[in-house]
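Notes follow once the structure below has been shown.
The values are calculated or read from the model by the stated rules, or taken from the named source; none is laboratory data. Keep in mind that this is a model prediction, so the values were computed, not measured. As a convention, Cβ positions derive from the backbone with ideal geometry for all residues, glycine included, and neighbour counts pool all protein chains shown.
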Amino acid sequence: MKLNEGLEGVNNSIKLSPEQLDSLKELGNIGSGNAVVALSELVNKRVEVSLTGIKIIPFWELNNIFPDQETNIFGICSNITGKHNLTVLQIFTKESMINMINSISEISIDDIHEIEELDDLTRSIISEIGNILAGHYASSLANLMGIKLIPNVPVLALDSIGAICNSVAANYSELTDSIIIINTNIKIEELSIDGIICFIPSIDTIKIIFDLLKIK
């Protein structure tokens, strides 16, 4: 299953003009472009990162972008605290993350059921991949807002999409009403991996972004 299959089916996304959409896409392209060098150095392989779609959706629509709530996924969650609160949640299917681990490390994994089954080195690699992606996407957004956004050390989770979405709803439903969704494709040599990056901004932060993009 491709995670981004459900994104096209979300009808309640916030309507963006071509100019607004281009501005968001440019932010995503800058973030993914800047991440390439760091990821290539980390895994010592040729890496390509590309943006394949972007939307702003109401917070309560997060569950609806995923067609199968039982699919197991890796969640990489990075909080940015301070004057402008923001959370970056990266989502990859378990299968795609296992393929990535096998591609970039000397270990071979067939299947896992919880994070604790991974050794410290593998968890460190996954965290650093998440940190690089979150850091460069957040940096692009920070440049738009004229501020500094530095993600904290990521927290890893392995669970069903439904469970992770419910956890996100429990933690952030009172803090935000919109989510920026970025579909991302990562290629490590011949391996292609689709993922979703969710920016979960506080209401104050999303207002700043909307004002800059001239979204009513």
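Of all residues in the stretch 97-115, those satisfying the criterion of being among the aliphatic types (A, V, I, L, M) and either assigned to a strand (DSSP E or B) or closer than 17 Å to Ile193 by Cβ (or both) are Met97, Ile98, Met100, Ile101, Ile104, Ile109, Ile112. Cβ-Cβ contacts under 6 Å between residues 6 or more apart (or on different chains), taken from a first residue in the stretch 176-205 that is farther than 24 Å from Asn64 by Cα to a second residue that is of a type in the set (Lys, Arg), are listed as Ile188/Lys45; Glu189/Lys45; Glu189/Arg46.
When Lys15, Lys55 are screened for being charged (D, E, K, R) and exposed (fewer than 15 other Cβ atoms within 10 Å of the Cβ), only Lys15 passes. Among the residues of the stretch 98-126, those that are without any contact (Cβ under 8 Å) to a residue 40 or more places away in the chain and of a type in the set (A, V, I, L, M, F, W, C) comprise Ile98, Ile101, Ile107, Ile109, Leu118, Leu121. Every condition in (1) within 17 Å of Ala163 (Cα to Cα); (2) of a type outside the set (D, E, K, R); (3) at pLDDT below 85 holds for Ile115 except the one numbered (3).
So if I check each of Ser96, Ser32, Ser23, which one is among the small types (Gly, Ala, Ser) and more than 17 Å from the chain's Cα centre (by Cα)?
On the way: Ser96 fails: more than 17 Å from the chain's Cα centre (by Cα); Ser32 fails: more than 17 Å from the chain's Cα centre (by Cα).
Result of the check over Ser96, Ser32, Ser23: Ser23.
May I ask you to list the residues in the stretch 119-131 that are aliphatic (A, V, I, L, M) and surrounded by 20 or more Cβ atoms within 10 Å (Cβ to Cβ)? Matches in the stretch 119-131: Ile126, Ile129. Among the residues of the stretch 187-208, those identified as over 20 Å from Leu141 (Cα atoms) and part of a strand (DSSP E or B) are Lys187, Ile188, Leu191, Ser192, Ile193, Asp194.
Quickly run through the stretch 34-50 and pick out the residues that are in a helix (DSSP H, G or I) and either acidic (Asp, Glu) or in contact with a helix residue (DSSP H, G or I) (Cβ under 8 Å, 6 or more places away or on another chain) (or both).
Start the filter on the stretch 34-50 by keeping residues that are in a helix (DSSP H, G or I), which leaves 34-43.
Asn34, Ala35, Ala38, Leu39, Glu41, Leu42, Val43 - these are the residues of the stretch 34-50 that are in a helix (DSSP H, G or I) and either acidic (Asp, Glu) or in contact with a helix residue (DSSP H, G or I) (Cβ under 8 Å, 6 or more places away or on another chain) (or both).
The residues of the stretch 56-96 that are under 18 Å from Asn185 (Cα atoms), part of a helix (DSSP H, G or I) and at pLDDT below 85 amount to a single one, Ile65.
Considering only the stretch 133-174, state which residues are part of a loop (DSSP other than H, G, I, E, B) and crowded, with 16+ Cβ neighbours inside 10 Å. Correct list: Leu149, Pro151, Pro154. Residues that are more than 24 Å from Cys165 (Cα to Cα), hydrophobic (A, V, I, L, M, F, W, C) and surrounded by fewer than 15 Cβ atoms within 10 Å (Cβ to Cβ) within the stretch 192-214 comprise just one, Leu212.
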